[in-house]
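The values are calculated or read from the model by the stated rules, or taken from the named source; none is laboratory data. Note that the structure is a prediction, hence the values are computed from the model and not measured. A quick note on method: Cβ atoms are made from the backbone with ideal geometry, for glycine too, and the neighbour counts reach across all protein chains shown.
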Ligand code: HEC
C-alpha cells in the first residue's frame, strides 16, 4: 500500500514536471511571414486606422464591418487588398458569403510604407498566414491606381 503511494507520487511529480516544461512560452522575434519590424509597425497603424471598424482581433462587427480573418481578400491577391486600403471599399458585394452595411473610407493618406506594414501585420495576424506586403508592391499599385 505504502509502496504504491510512493509510485503514484513519483509518477505525478514526473508528470507535473513534464507538463510545466511543455508550457514554457516559446519566444520568437521573427515571423515566417514578415519581418518583426514591419509587423510591429503595422500593428501601430492598424490600431490607429483600422481597429475601430475591424476590431482588435480582426473579427469585425457582424453585418456592419467584415472580419479580416482568412477572408479571400486578406489571403488573396496583394494588388486587390492594397487597392481596398487606397480606395476604400463601398461595393455592395458579398465577402465570403456575407454582406456588410458599412462603407470603408479610402485610407490613401497613409504612406506606402504604412500600407505595406499594416497589410503585412493583417496577413500574419488573427490566424492568417500569408506573405508580407512589400513597399515596392504598394508603390506600384499606387502609381497605376485609377479611381
Ligand atoms: C470606417 C470603418 C472602416 C475602417 C476605418 C477600415 N475599414 Fe476595412 N472595411 C470596412 C467595411 C465596411 C468593409 C466592407 C465594405 C463593403 O462590403 O462594401 C471593409 C473591407 C475591408 C477589406 C476587404 C474585405 C475583407 O474583410 O477581407 C479589407 C482587407 C479591409 N477592409 C482592411 C482594412 C484595413 C487594413 C484598414 C486600416 C488601414 C481598414 N480596413 C479600415 C470598414 C472599415
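Quick notes on this structure:
- Within the range 46-57, being in contact (Cβ under 8 Å) with a residue 24 or more places away in the chain and either within 15 Å of residue 100 (Cα to Cα) or loosely packed, with under 14 Cβ neighbours inside 10 Å (or both) holds for 53, 57.
- Between 28, 4, 20, the distinction of being assigned to a loop (DSSP other than H, G, I, E, B), at pLDDT below 95 and either surrounded by fewer than 15 Cβ atoms within 10 Å (Cβ to Cβ) or more than 15 Å from the chain's Cα centre (by Cα) (or both) belongs to 28 only.
- Those helices (runs of 4 or more DSSP H) of the range 65-134 in which 2 or more residues are more than 10 Å from the ligand (Cβ to nearest atom) and surrounded by 15 or more Cβ atoms within 10 Å (Cβ to Cβ) occupy 78-87, 112-123.
- The residues of the range 108-140 that are touching a helix residue (DSSP H, G or I) at 6+ places or on another chain (Cβ under 9 Å) and more than 16 Å from residue 86 (Cα to Cα), listed by number, are 121, 123, 124, 125, 126, 128, 129, 130, 131, 132.
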